[in-house]
Amino acid sequence: MNPEYPFDDAATARAVIDDDGTLVEWNAGAERLLGYRAAEVVGRPAVDLMAGAGQSGSGAPEGDRWDGTITLRHRDGGAVSVWLLAHRVRAGDDGPDRWLVVTPLEEDGPRAPDDPLDRVGLLESPCAIAIYDERLRLRRINSVMAEVLQLPEEHVRGLRAPELSGRPQSTDIERYLLRVLTTGRGTDVRTYVPVGGDRRYAWLARMAPVTDAQGRVRGVSVAAHDFTEQYVAQERLQLVNEASVRIGTTLDVPRTAEELADICVPALADFVSVDLLDPPAHGGESPTGPLTAPLSLRRTAHRSVNPGNPEAVAGLGQVDVYPTPSPQADALLAGRTIVASTATGDLAQWLSWDPARAERIKGHGIHTTMSVPIRARGTTLGVAVLTRFKNPEPFTPDDVLLAEEITARAAVCIDNARRYSRERETALALQRSLLPRSLPRTAALEAASRYLPAARSGVGGDWFDVIPLSGMRVAMVVGDVVGHGVAASATMGRLRTAVRTLADIDLAPDELLTHLDDLVVRLSEEAGTDGSPGEVGATCLYAVYDPISRRCTLARAGHPSPVMIPPGGEPEEIELPAGPPLGLGGLPFESAELELREGTVLSLYTDGLIESRERDVDAGHALLREALSASSGSLDETCDHVLHALLPPGGAADDVALLLARTQGLPSSQVATWDIPADPALVAPIRKQVMEQLDAWNLSEASFTAELVVSELVTNAIRYGTPGIRLRLIHDAATLICEVSDTSHTAPHLRRAKIFDEGGRGLLLVAQLTQRWGSRHTADGKTIWAEIGLLDEV
């Protein structure tokens, strides 16, 4: 006998029968038992070997194992009564099952009287004991092992480990037995084998060599300890730990519900559904008081061991109404976990209200359900229903505790996700209300914009604006407040209002940023606990475009430089002095001025558009220029194309503001300018020239108002101003603008004249006759302007 391969195939009669009853394997032991050679029986029906008419129609046995005594036909025509042990060998999803049929054969000759295998004293142990001989065939088992195997010793004596159980794990066990037999050293083996049914048992097998008086290894003893309870407890603890890691990876309610279902299938149930109560409208808090039936629940997630979730009656997102009795309503109203089964009959009572679900349960063989309320912070959020049909075991009290522990963890995560979603929706609503709902239509430029909140951190402080200024000019602003959430949105609203206020007094871009910096410093001091600045920070880009001169003045405070696309040219970044971010205080800002051809597109944006973890800023700028160069003529389509090209499919990590503006020029034919000497006698001739210009522009309907406004503004400039007086008229389709400039820096103020005052009524008259009026300071003086609405005049 080869010690490395001590097995004797002729010591056991073994055959393999296909699922249709055809013999496919036949070993030497089977030939020894019945006399047939393999070539004579392989491929023939196994029933041909059975003796007696009553046995031929028995068919395949039920379950995964069968044993019993039957009568077989010997080749010489005689009948042989044989005890057989049959194991179902599962072939998986790709093929039919087979049956391994074995029976031990009697040994040739008597055993030695001093056989050490007969003298092993472990058979009285409370552990399950098995003794294998030097051919690794079963020699003896104790009563505990016989109870575990559910087979008597006299029937299984002589079988090998794989023949004894028919399980794939038995091959590994035999490999360990062979190692002990050849090396003479014992070993411990853990295995998890379904024994005597579908339930998994965990075993610790201690294998030791059995030696004779001369110290030679004559066999192997196996002492198997059942540590299933410890193994199950360890698995439950591991499942709880896994749930704490896998549930709540995002602040998304449906995804968190899916994670709850995923963690429970198949470890705890074969099908899990998660139904949630809809959150209150308009961001209100969920009710904490008792619930009343019927309950409307929305299917948020479900998971099954079967592909496609065929057990699900409700689709994802569907709202179903659950009366009492029903698993969902009863568990929520009782506020505790409820287990129901077909064995107790209460499952059928529950489903009397829903024939569709009753039919689905009957069709899939569902036998047990467990309904676990999902509650967090005193609020009921929904219910998780766990179902078993493939697992034949009912839910145990330990299963209930495990399900409640996992569901409690998921409930906190779902509640956190809802609170985050509610806060995010509030911040987003605030952000949307603070941003311009639509951009003004001006003669200076055509504009389009986009704002996208951050995918994970929510809305922040990004903003944009287009502000009409006097003299047909327009201001463009893009800014970014540090941080996210409601506080950042509120700060953004304050800064946007401040920018509009400062723009209304026609401050130069660098002066405007200086005043805005002072405001951010004050906001920082208010937000800080120790009065130190830095609690609030922001960046900003401010630009003013004049369609008459076609010149644009820009300044930035720590903000990305804009990108310019000239007509027919390639995108290029505008070089601007960087300037410090807002909130540092005391540092200067510089502006730059450049001339823009009509049709030039300016791209103003926040850093969330070009910065990401996957690429650096330079790569983001390159992608932006590439996207702008491939854009169409529509600014709205260009905005969408840029966002699609630069942002990942799941959204950006930071919020994004994008403003595109195409410049337009005002033809010189729509502008008239006069230099006026400081002589009151020239006011009348100037009025006449103005009337003639309005006739040339076909604006005679506005001549009366324009004559009064020009007369008042020019007279005031001559009387109170300093020489260097200039009158300019600008018009487009809807507005006529009258501007009078002089070199004095003193601006007039509107006041109400008293009864006996000779003057003081001119500006009041101008204010009543025009849409709006005002003054702005220039580098060499001031300009008083007034706008006359042409549509109203017509």
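Being modelled with pLDDT of 85 or more, under 30 Å from Thr501 (Cβ atoms) and outside the structural domain of Leu512 (by TED's automatic domain parsing): is that true of Arg687 here? Walk me through how you get there before you give the answer.
Numbers: modelled with pLDDT of 85 or more: yes; under 30 Å from Thr501 (Cβ atoms): no; outside the structural domain of Leu512 (by TED's automatic domain parsing): yes.
For Arg687, the condition - modelled with pLDDT of 85 or more, under 30 Å from Thr501 (Cβ atoms) and outside the structural domain of Leu512 (by TED's automatic domain parsing) - is not met.
Here is a check on your reading of the model: is Asp640 modelled with pLDDT under 90, in a helix (DSSP H, G or I), of a type in the set (D, E, K, R) and within 31 Å of the chain's Cα centre (by Cα)? Before you say what the answer is, go through the steps one by one.
Numbers: modelled with pLDDT under 90: no; in a helix (DSSP H, G or I): yes; of a type in the set (D, E, K, R): yes; within 31 Å of the chain's Cα centre (by Cα): yes.
No: the conditions fail for Asp640.
With farther than 27 Å from Asp67 by Cα, outside the structural domain of His87 (by TED's automatic domain parsing) and either more than 52 Å from the chain's Cα centre (by Cα) or not in a strand (DSSP E or B) (or both) as the only criterion, which of Ala213, Ala146 stands out? Outline the logic, then answer.
Values: Ala146 fails: farther than 27 Å from Asp67 by Cα.
One residue alone meets the criteria, Ala213.
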Keeping to region 495-522, report how many residues are closer than 16 Å to Val466 by Cα, crowded, with 17+ Cβ neighbours inside 10 Å and of a type in the set (D, E, K, R). 2
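Within region 406-450, how many residues are under 30 Å from Val383 (Cα atoms) and among the small types (Gly, Ala, Ser)? So that I can check it myself, show each step before the final result.
As a first pass, look at region 406-450 and keep what is under 30 Å from Val383 (Cα atoms): 406-428.
Still in the running and among the small types (Gly, Ala, Ser): 408, 410-411, 417, 421, 427.
So the count comes out to 6.
For region 139-156, what are the residues that are under 19 Å from Pro209 (Cα atoms) and without any contact (Cβ under 8 Å) to a residue 60 or more places away in the chain? Let's see the steps before the verdict.
Pass one, region 139-156, residues under 19 Å from Pro209 (Cα atoms): 139-142, 145.
The answer is Arg140, Ile141, Asn142.
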Restricted to region 513-547, and to residues that are part of a loop (DSSP other than H, G, I, E, B) and acidic (Asp, Glu), which residue is modelled with the highest pLDDT? Glu535
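I want to confirm something. Restricting to region 595-620 and keeping residues that are part of a helix (DSSP H, G or I) and of a type in the set (Asp, Glu), which single residue is modelled with the lowest pLDDT? Steps first, please.
Narrowing region 595-620 to residues part of a helix (DSSP H, G or I): 607-609, 617-620.
Add one more test, that the residue is of a type in the set (Asp, Glu), and what stays is 607, 618.
On the way: Asp607: 90, Asp618: 86.
By that ranking, first place goes to Asp618.
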So for region 621-636 (the condition being in a loop (DSSP other than H, G, I, E, B) and under 28 Å from the mean Cα position of the chain (by Cα)), does at least one residue qualify? no
Any idea which residue in region 742-770 is modelled with the lowest pLDDT, counting only those that are surrounded by 14 or more Cβ atoms within 10 Å (Cβ to Cβ) and either closer than 20 Å to Leu699 by Cα or in contact with a helix residue (DSSP H, G or I) (Cβ under 8 Å, 6 or more places away or on another chain) (or both)? Gly762
Restricting attention to region 239-275, and to residues there that are assigned to a loop (DSSP other than H, G, I, E, B) and of a type in the set (A, V, I, L, M, F, W, C), which single residue is surrounded by the fewest Cβ atoms within 10 Å (Cβ to Cβ)? Ala267
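At pLDDT 70 or above, buried (at least 17 other Cβ atoms within 10 Å of the Cβ), among the basic types (Lys, Arg) and not in a helix (DSSP H, G or I): does that describe Arg75?
Spelling it out, it is not the case that Arg75 is at pLDDT 70 or above, buried (at least 17 other Cβ atoms within 10 Å of the Cβ), among the basic types (Lys, Arg) and not in a helix (DSSP H, G or I).
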Can you find a residue in region 276-296 that is under 25 Å from Asp398 (Cα atoms), in contact with a strand residue (DSSP E or B) (Cβ under 9 Å, 6 or more places away or on another chain) and either surrounded by fewer than 20 Cβ atoms within 10 Å (Cβ to Cβ) or not hydrophobic (A, V, I, L, M, F, W, C) (or both)? no
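The values are calculated or read from the model by the stated rules, or taken from the named source; none is laboratory data. None of these values were measured; they are calculated from a predicted model. Virtual Cβ from ideal backbone geometry, glycine too; neighbours counted across all protein chains shown.
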